[in-house]
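Written below as structure tokens is the structure these notes are about.
The values are calculated or read from the model by the stated rules, or taken from the named source; none is laboratory data. Since the model is a prediction, treat every value here as computed from it, not as a measurement. Note: ideal-geometry Cβ built from the backbone for every residue, glycine included; neighbour counts use all protein chains shown. When the accessible area is computed, the model is the full protein with side chains, heavy atoms only, and any ligands, DNA or RNA have been set aside. Shrake-Rupley method; radii C 1.70, N 1.55, O 1.52, S 1.80 Å.
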Amino acid sequence: MTLALYDTMTRKKRDFAPRDPSRVTMYVCGPTVYNFAHIGNFRPVVVFDVLFRLLRHLYGRHAVLYAANVTDVDDKINRKAAEEGVPISTITDRYLSAYNADAAALGALRPTFQPRVTETMDAIVKMIGDLVGNGSAYAAEGHVLFDTQSFKDYGKLSGHPLEDMIAGARVDVAPYKRHPADFVLWKPSKENEPEWESPFGPGRPGWHIECSAMIEEALGLPIDIHGGGIDLVFPHHENELAQGVCAGHATEYAHAWMHNGFLNMAEEKMSKSLGNVALAHDLVEKYPGEALRWALLVGHYRAQLEWTSELIDQAKRSLDRLYGALRRSSGVAAEPVDPPEAFMTALLDDLNTPAALAELFAMATKLETVAGGGRAHAKGELLAAANLLGFLTADPEFWFQGGADEDLKAKVEGLIAERLAARQAKDWAAADRIRDELAALNVEVMDGPTGATWRLKEQA
Ligand code: AMP
Ligand code: ZN
């Protein structure tokens with residue numbers, strides 16, 4: 001079984017072969033930390049977390065190096081800090097902590113490295129110096145620009161050849177540019193903006209060079225996999241690639257380019273500028289993280305996905321089904337086994353998560369229908385496969401109680417106490433009435449020797 005991944009550069013699904021199987025490298029463009037991120041921003045986080053987990057499964061836990069950067073130099077960050085009258089680092093630290101907490105709630109493992117622009121400035125300045133030194137970049141009016149005409153493959157990744165890039169179409173025009181597609185590597189800072197010293201004058205880097213330098217610092221070029229959302233193909237990744245190769249540090253930049261499709265809301269790309277966003281920070285308060293993660297994985301990562309409350313409810317019910325199967329087999333010790341072949345085949349086929357999730361249902365059915373000793377094996381398979389995807393990590397009892405919000409919990413505990421009092425007073429009619437009330441709340445009460453416990457019933 002071989003892992004096949006769709007590569008944006010060659011526009012084909014290709015067998016994946018890392019340059020060094022004992023050191024597999026992946027980089028994914030991360031957030032600009034100026035605000036809470038929306039759930040669309042977490043689609044790449046969850047998708048590439050699945051790939052990270054799969055690579056660790058295939059090559060070994062310590063063989064995979066995953067870097068996801070943080071952009072902590074940006075106009076939007078400066079604006080926000082000025083609005084609140086606080087230092088820039090207060091803003092970036094606050095939203096980076098929230099981002100990491102929300103990613104963890106969605107079951108994403110911490111990447112091996114999380115480089116920040118502010119901590120990579122020396123490497124950025126050095127890379128720009130190398131580009132100027134070998135004629136791939138030029139200084140103009142206090143800026144340093146990348147000379148797109150110096151790179152013969154410019155436009156290959158996105159399929160936008162230079163000659164098609166007429167002024168004003170997809171690129172900023174400026175009189176000092178040699179070609180309209182040339183882009184900024186270094187620029188002067190405006191008043192009250194942070195600035196760094198450099199041989200090209202005090203200033204700050206452009207966005208694209210940051211990633212190239214962070215990749216080189218964290219992982220070294222070339223890398224095996226470069227990922228991000230589909231909106232990053234042009235100009236961001238096209239430019240990253242051009243700089244990385246032209247800096248003369250490697251002939252290849254990334255072996256496979258992977259891009260996730262958009263998460264939409266009301267049939268449009270979820271984005272802050274359109275205002276159609278659901279913040280992950282709010283969602284993780286309302287729903288179990290695994291349900292949100294499941295919702296993000298029910299579609300293939302390259303397809304668009306529409307974010308709706310039905311999608312989340314459906315995801316929650318799917319997990320109820322799997323946790324229910326685990327709960328009903330709580331007396332069975334799981335055998336330590338590998339995930340079954342049909343599941344792996346789905347995942348290895350360019351991360352076909354919809355098919356892999358469907359396999360989890362087949363495993364749950366098997367667990368509940370197979371006889372005798374087969375159950376330990378079936379339970380082991382279900383857990384191995386689900387855990388590989390970051391699911392079924394909770395205790396089933398906890399899962400069914402965790403679905404209750406605080407208000408419901410308080411109400412249920414109150415009713416149970418009332419019912420106990422009614423029973424002690426031998427008021428059977430009242431006790432029955434309260435039990436019916438609890439049933440209407442979808443709560444099942446179990447009377448045990450040490451008192452009553454309760455759980456939420458599975459939804460059909
Ligand atoms: P940004 O903060 O806009 O640079 O986005 C961070 C990451 O989220 C990038 O990889 C984007 O491509 C990705 N992204 C942003 N919006 C969406 C969306 N609606 N659906 C999927 N991915 C997105
Ligand atoms: Zn990037």
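Report yes if Thr71 is within 16 Å of ligand 1 (Cβ to nearest atom), closer than 26 Å to Gly220 by Cβ, open to solvent by 10 Å² or more (accessible area, probe 1.4 Å) and within 19 Å of the chain's Cα centre (by Cα), otherwise no.
Here the answer is no, as Thr71 does not meet what is asked.
Could you give every pair whose Cβ atoms fall below 8 Å, whose first residue belongs to region 416-434 and is closer than 15 Å to Met446 by Cα, and whose second residue is open to solvent by 70 Å² or more (accessible area, probe 1.4 Å), counting only separations of at least 6 or pairs across chains?
Close Cβ pairs satisfying both conditions: Arg419/Arg435; Ala431/Arg423; Ile434/Glu418.
For region 51-58, check the following and say yes or no: at least one residue is at pLDDT 95 or above, of a type outside the set (Ser, Thr, Tyr) and within 16 Å of ligand 1 (Cβ to nearest atom).
Yes, there is a match, as at least one residue in region 51-58 is at pLDDT 95 or above, of a type outside the set (Ser, Thr, Tyr) and within 16 Å of ligand 1 (Cβ to nearest atom).
Provide a single number: the residues in region 343-358 that are farther than 14 Å from Leu388 by Cα and part of a helix (DSSP H, G or I).
3
Only one residue in Thr118, Thr112, Thr90, Thr148 is among the polar types (S, T, N, Q) and within 16 Å of ligand 2 (Cβ to nearest atom). Which one?
Thr118
Testing Lys190 on (1) more than 15 Å from ligand 1 (Cβ to nearest atom); (2) in contact (Cβ under 8 Å) with a residue 24 or more places away in the chain, one condition comes back false. Which one is that?
Tallying (1) more than 15 Å from ligand 1 (Cβ to nearest atom); (2) in contact (Cβ under 8 Å) with a residue 24 or more places away in the chain, Lys190 fails exactly one: (2).
Would region 320-342 turn up any residue that is of a type in the set (S, T, N, Q) and in contact with a Lys or Arg (Cβ under 9 Å, 6 or more places away or on another chain)?
yes
Every residue, every condition in (1) within 14 Å of the chain's Cα centre (by Cα); (2) open to solvent by less than 30 Å² (accessible area, probe 1.4 Å); (3) of a type in the set (Ser, Thr, Tyr); (4) more than 12 Å from Thr32 (Cα to Cα), yes or no:
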residue	(1), (2), (3), (4)
Gly85	no, no, no, yes
Thr92	no, yes, yes, no
Ala101	yes, no, no, yes
Ala105	yes, no, no, yes
Arg110	yes, no, no, yes
Ala123	no, yes, no, yes
Asp130	no, no, no, yes
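Which numbered condition trips up Lys177, out of (1) assigned to a loop (DSSP other than H, G, I, E, B); (2) under 30 Å from Leu51 (Cα atoms)?
(2)
Return the total of residues in region 236-283 being within 16 Å of ligand 2 (Cβ to nearest atom) and not hydroxyl-bearing (Ser, Thr, Tyr).
Qualifying residue count, region 236-283: 17.
Would you pick out the residues in region 67-95 that are farther than 23 Å from Ser273 by Cα and touching a Leu at 6+ places or on another chain (Cβ under 8 Å)?
Scanning region 67-95 gives a single hit, Ala67.
I need the helices (runs of 4 or more DSSP H) fully contained in region 383-454, keeping only those with at least 1 residues that are at pLDDT 85 or above, more than 31 Å from the chain's Cα centre (by Cα) and over 30 Å from Leu292 (Cβ atoms).
Ranges flagged: 406-424, 428-440.
Within region 362-377, take every residue that is part of a helix (DSSP H, G or I) and open to solvent by less than 60 Å² (accessible area, probe 1.4 Å) and give me the one that is farthest from Val332 (Cα to Cα).
Ala362
With Asp102, Asp7, Asp93, Asp74 as the choices, which residue is within 23 Å of Ala303 (Cα to Cα) and of a type outside the set (Phe, Trp, Tyr)?
Being within 23 Å of Ala303 (Cα to Cα) and of a type outside the set (Phe, Trp, Tyr) holds for just one of Asp102, Asp7, Asp93, Asp74, which is Asp7.
Could you please let me know if Arg327 is assigned to a helix (DSSP H, G or I) and more than 30 Å from Phe262 (Cα to Cα)?
The answer is yes for Arg327.
Given the conditions (1) open to solvent by 70 Å² or more (accessible area, probe 1.4 Å); (2) of a type outside the set (A, V, I, L, M, F, W, C); (3) in a helix (DSSP H, G or I); (4) closer than 29 Å to Met1 by Cα, and given that Glu310 satisfies all but one, which numbered condition is not satisfied?
For Glu310, the failing item is (4).
Condition first: β-branched (Val, Ile, Thr) and either more than 22 Å from the chain's Cα centre (by Cα) or within 16 Å of ligand 2 (Cβ to nearest atom) (or both). Now tell me which residues in region 8-46 satisfy that.
Within region 8-46, Thr8, Thr10, Thr25, Val28, Thr32, Val33, Val45 meet the criteria.
Applying the selection to region 378-393, what residues are buried (at least 17 other Cβ atoms within 10 Å of the Cβ) and more than 11 Å from Ala325 (Cβ to Cβ)?
Hits for region 378-393 are Gly380, Glu381, Ala384, Ala385, Leu388, Leu389, Gly390, Phe391.
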